[in-house]
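The values are calculated or read from the model by the stated rules, or taken from the named source; none is laboratory data. It should be emphasised that the depicted structure is a prediction, and the values quoted were computed from it without experimental measurement. Here the Cβ positions follow ideal geometry from the backbone for every residue, glycine too, while neighbour counts run over all protein chains shown.
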Amino acid sequence: MILVRYTFQAKWGKAGEIAEEFAKNAEMMSKIVGSKVRGRILTDLSGPFDTVVQELEVESLAEWEKLRATMFANQDYQEARAAFSESPFESGRAEFFTIESTF
C-alpha cells in the first residue's frame, strides 16, 4: 500500500476554501474511479497556518499513475480545477510513503 500526501500552504485565510473544494473533488473522484482509493483532507491545528493536506491510499505507484491520468482526462475534473481562477496556494509538495503497518 502507498500513501500519497499532498501538502499545500494556502494564502492567508484560504485553507477552509481549499479544504471544501478538495472535499468536492474527492466526491467526484469516487464517482470516476470507484472505491479503490481511501483518502482524507486535513487542515492544521499546529505548525504553519493555513496548511491543507490531502492524503490518498492506493495499492501501488502504478495504480496512482493510472488514477491521476484518469482524473486529469475527465472533463468535470478539469472544470473543477479551472474554478480556482486565482490560485489560493502559496506553495505545495507531494510525498509518497510505503505503508508498512496500520494499527
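A few comments on the model shown:
- Selection within the range 21-45 - free of Cβ contacts under 8 Å to residues at least 24 places away in the same chain and not aliphatic (A, V, I, L, M): Glu27, Ser30, Lys31, Gly34, Ser35, Arg38, Gly39, Arg40
To keep it simple, each residue is scored yes or no on (1) at pLDDT below 85; (2) charged (D, E, K, R); (3) in contact with a Lys or Arg (Cβ under 8 Å, 6 or more places away or on another chain); (4) buried (at least 16 other Cβ atoms within 10 Å of the Cβ).
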residue: Ala23; (1), (2), (3), (4): no, no, no, no
residue: Ser35; (1), (2), (3), (4): yes, no, no, no
residue: Gln54; (1), (2), (3), (4): no, no, yes, yes
residue: Arg68; (1), (2), (3), (4): no, yes, no, no
residue: Glu79; (1), (2), (3), (4): yes, yes, no, no
residue: Ala83; (1), (2), (3), (4): yes, no, no, no
residue: Phe97; (1), (2), (3), (4): no, no, yes, no
residue: Phe103; (1), (2), (3), (4): no, no, no, no
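- Subset of the range 38-69 [within 14 Å of Ile2 (Cα to Cα) and of a type in the set (Val, Ile, Thr)]: Val58
- Residue in the range 6-20 that is touching a strand residue (DSSP E or B) at 6+ places or on another chain (Cβ under 9 Å), surrounded by fewer than 16 Cβ atoms within 10 Å (Cβ to Cβ), touching a residue at least 60 places away in the same chain (Cβ under 8 Å) and under 28 Å from Ser101 (Cα atoms) present: yes
- Single residue of the range 67-86 satisfying the filter (among the hydroxyl-bearing types (Ser, Thr, Tyr) and in contact (Cβ under 8 Å) with a residue 12 or more places away in the chain) that is nearest to Ile32 (Cα to Cα): Thr70
- Of all residues in the range 31-50, those satisfying the criterion of being under 24 Å from Ser91 (Cα atoms) and of a type in the set (Val, Ile, Thr) are Ile41, Thr43.
- Any pair with Cβ under 8 angstrom, 6 or more apart, that starts in the range 46-66 at a residue that is closer than 21 Å to Ala23 by Cα and in contact (Cβ under 8 Å) with a residue 24 or more places away in the chain and ends at one that is exposed (fewer than 11 other Cβ atoms within 10 Å of the Cβ) and acidic (Asp, Glu): none
- For the range 32-76, a residue qualifies if it is of a type in the set (Asp, Glu) and in contact with a Leu (Cβ under 7 Å, 6 or more places away or on another chain), and the qualifying residues are Glu55, Glu57.
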